[in-house]
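Worksheet: the structure to be examined is printed underneath.
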Amino acid sequence: MKTFKFPARHGYAVEISPFIPTRLACATSQYYGIAGCGTLLVLEQTETGISLVKSFDWNDGLFDVTWSESNEHILVTGGGDGSLQVWDTANPQPGPLQVLKEHTQEVYSVDWSLTREENLVVSGSWDRTAKVWDLSRGGLSLCTLQGHEGVIYSTLWSPHIPGCFASASGDGTLRVWDVKTGRCRLAIPAHKAEILSCDWCKYDQNVIVTGAVDCSLCVWDLRNVRQPLSRLLGHSYAIRRVKFSPFNQTVLASCSYDFTVRLWDYSRTEQPLMETLEHHSEFVCGLDFNLQIPNQVVDCSWDETGLVT
């Protein structure tokens, strides 16, 4: 286990580079994201620990981060001022390459499309809209998708279907969108509580997981949404982020406001909970699997630390 610290910053999101398996980015905020500025940390795993490669400061809290799928130096963050910031780790200048400002409230989610021909980013905001951006076309969004009746906490591209993403909202619904038509293809009343996170299965285009304030994870088959494939119980407070394993079809991880990270295998109907990691003393908000190092998980917390396990 390796630890990284970010004093006076509270961790909101962490993501491992798709190009460099030892490199990770962490989006942080001052004062728990309520006030103050934010810092994007770019970090490198070494044999002995984790070292800082570069840090970027922004004048508002940073709530999410995504790496480019086409350029190993480019990242996008979402901020409390309603903007997206585009950063270049190879740029000697301290500021962002671009600032994309259309949302009217906090941007809580950003995700870079996995389809290599598309340099598309989707953002989700507390203004209840999702926006799709083509970073090669300047600073205007391609489209705005409306339909949620609550804040959007999570927006995530399908790894299988081009131009398709899912969103999770405070209105208790999971929605699947088609960017070409600009319409919602499916709306699932997935929880009777705010949904803070969702993720697609890497092996089955029809399977998606949601994590909510009701402390449950629900695994859904989009072909039959009358009831979940599996409902995973064990967390004692809201689930902040969920991630499917890139190496096992039925394994996933979750992190929570109960200070834990938990690993599950939903195919194990009797005892799906595999492991509980209790390394933090505050809300755990960021979580990611390493795409190239099997079973490696990275997290970050409001306790000013992140862990690679």
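Data overview
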| quantity | calculated |
| --- | --- |
| Net charge contributed by nearby residues that have their C-beta within less than 10 Å of I16 (K/R +1, D/E -1) | -1 |
| Accessible-area composition of the stretch 1-154, carbon plus sulfur, in percent [1.4 Å probe] | 49 percent |
| Ranked order, I16, I161 - accessible area, probe 1.4 Å, largest first | I161, I16 |
| Dimensionless Rg over Rh [the chain; C-alpha; Kirkwood] | 0.93 |
| Cβ-defined net charge surrounding F259, 12 Å radius [Lys, Arg +1; Asp, Glu -1] | -3 |
| GNM top mover of T22, T46, T155 - the chain, alpha-carbon springs below 10 Å | T46 |
| Residues listed by number, the stretch 259-288, amide nitrogen under 15 Å from Y237 label point at 7 Å toward C-beta | 259-262, 278-286 |
| For q = 0.11, 0.15, 0.18, 0.25 Å⁻¹, Debye-computed log10 I/I(0) when each Cα of the stretch 27-113 counts as one equal scatterer | -0.29, -0.53, -0.75, -1.29 |
| Stretchable slack from D178 to D134, in nm (0.36 nm times residue separation minus alpha-carbon distance) | 14.3 nm |
| Amide H within-cut-off set for E102, under 5 Å, with H built and near neighbours excluded | L84 |
| Potential extension, V99-T46 segment - 0.36 nm per residue separation minus Cα distance | 15.9 nm |
| Accessible surface of L114 - all protein chains present, 1.4 Å probe, nearest 10 Å² | 80 Å² |
| Relative contact order (%) - the chain, alpha-carbon pairs under 8 angstrom, separation at least six | 13 percent |
| GluC sites (Glu not before Pro) within the stretch 207-309: DSSP coil, no more than 14 neighbouring Cβ in 10 Å | E270, E278 |
| Average accessible area per residue (Å²) across the chain - probe 1.4 Å, nucleic acids and ligands excluded | 40 Å² |
| 5 angstrom amide H check on D60, placed H, neighbours 5+ away | G38 |
| Estimated inter-spin distance, Y31 and E270, nm [label 7 Å along Cα→Cβ] | 5.3 nm |
| Student exercise, the stretch 104-189 dipole from Lys, Arg, Asp, Glu Cβ charges, in Debye to nearest 20 | 200 debye |
| Relative contact order computed over the stretch 145-277 (Cα-Cα under 8 Å; 6+ residues apart), in percent | 15 percent |
| Rg and Dmax [Cα atoms of the stretch 104-189; Å; Rg one decimal, Dmax integer] | 11.8, 36 |
| Accessible area of D57 in the full protein assembly, 1.4 Å probe (Å², nearest 10) | 100 Å² |
| T3 paired with R223, simple spin-label distance in nm, labels 7 Å along Cα-to-beta-carbon | 4.7 nm |
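The values are calculated or read from the model by the stated rules, or taken from the named source; none is laboratory data. Worth saying up front: this structure is predicted, and the values here are computed from it rather than measured. Cβ coordinates were reconstructed from backbone atoms using ideal geometry, including for glycine residues, and neighbour counts include every protein chain displayed. For accessibility, only protein heavy atoms count, side chains too; no ligands or nucleic acids. Shrake-Rupley method; radii C 1.70, N 1.55, O 1.52, S 1.80 Å.
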